[in-house]
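Asks: One structure follows; several queries about it will come next.
The values are calculated or read from the model by the stated rules, or taken from the named source; none is laboratory data. Remember, predicted model here, so these are calculated numbers, not experimental data. Positions of Cβ are backbone-derived with ideal geometry, glycine not excepted, and every protein chain shown enters the neighbour counts.
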Amino acid sequence: MSSDLNAPLLISLIGLPGSGKSTVGRQLARRLQLPFVDSDHVIEQRLGCPIREFFEREGEERFRDVEAEVIDQLTRTDGVLSTGGGAVLRQANREHLRQRAQVVYLKSTPEELMRRLRHDTQRPLLQVQDPLQRLRDLYAQRDPLYRETAHFVIDTGRPSVSTLVNMIVMQLELAGVLPRS
């Protein structure tokens, strides 16, 4: 991809729930002066209810159908796109992201995520008896899919949001996706 500032540019953030996709995505969009979109927010607007409620009522498969439609639509625009943690479960989503965006995998260990999410009651997949084991299972299932989809992998560890944004910008500059600042 050229570093022409007028060329279309979509940067998509993928990773497990709580890896920082929305928080980092908002800051990255601000830094690059691009629009920010969170696919989960678009899905909730389309559904007219919280994802958790739809998930409980209609099930994961139906939710993934709606998510796939939204990902297909959003990967045709410019900006910074934060996806839901499970967006990579569908082959079509992985292909749309990989082909239409510069994909950054925000990689976090299950233990880091548990530390961040231990008080979060809004994530349906974590409302289980042993959330840490659930995160370990999700990581085992999804890490290979994130890696298959991503152009860049950023270990989130403990850096601040602004440090993560700097790391992403640096990777994009080194790859020639962004002009060097």
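Asks: Which residue is farthest from Phe63 (Cα to Cα), if the candidates are limited to the stretch 27-47 and must be under 13 Å from the mean Cα position of the chain (by Cα) and not hydrophobic (A, V, I, L, M, F, W, C)? Please lay out each step first, then the result.
Replies: Of all residues in the stretch 27-47, those under 13 Å from the mean Cα position of the chain (by Cα) come to 28, 36-41.
Now narrow it down to the ones that are not hydrophobic (A, V, I, L, M, F, W, C): 38-41.
Working: Asp38: 16, Ser39: 12, Asp40: 11, His41: 13 Å.
Of everything passing the filter in the stretch 27-47, Asp38 is farthest from Phe63 (Cα to Cα).
Asks: Here is a further query. Only one of Leu113, Leu125 is touching a helix residue (DSSP H, G or I) at 6+ places or on another chain (Cβ under 6 Å) and modelled with pLDDT under 95. Can you tell me which? Give the steps one after another, and end with the answer.
Replies: Working: Leu125 fails: touching a helix residue (DSSP H, G or I) at 6+ places or on another chain (Cβ under 6 Å).
Answer to the selection: Leu113.
Asks: Please verify whether the stretch 84-91 includes one or more residues that are more than 24 Å from Pro144 (Cβ to Cβ), modelled with pLDDT of 95 or more and not acidic (Asp, Glu).
Replies: At the first step, the residues of the stretch 84-91 found to be more than 24 Å from Pro144 (Cβ to Cβ) are none.
Checked against the condition, which is being more than 24 Å from Pro144 (Cβ to Cβ), modelled with pLDDT of 95 or more and not acidic (Asp, Glu), the stretch 84-91 yields no hits at all.
Asks: I'm told Glu112 meets every condition in (1) part of a helix (DSSP H, G or I); (2) touching a strand residue (DSSP E or B) at 6+ places or on another chain (Cβ under 6 Å); (3) surrounded by fewer than 21 Cβ atoms within 10 Å (Cβ to Cβ) except one. Can you identify the failing condition by its number?
Replies: (2)
Asks: Among the residues of the stretch 123-151, write down those that are of a type in the set (S, T, N, Q) and closer than 21 Å to Glu61 by Cβ.
Replies: Going through the stretch 123-151, the residues of a type in the set (S, T, N, Q) turn out to be 127, 129, 133, 141, 149.
Hits for the stretch 123-151 are Gln127, Gln141, Thr149.
Asks: Looking at Val88, Val70, which is the one that is of a type in the set (A, V, I, L, M) and touching a Leu at 6+ places or on another chain (Cβ under 9 Å)? If you could, list the steps in order and put the result at the bottom.
Replies: On the way: Val70 fails: touching a Leu at 6+ places or on another chain (Cβ under 9 Å).
The unique qualifying residue is Val88.
Asks: Right, here's the next one. What number of residues in the stretch 160-181 are in contact with a Ser or Thr (Cβ under 8 Å, 6 or more places away or on another chain) and β-branched (Val, Ile, Thr)?
Replies: So the answer is 3.
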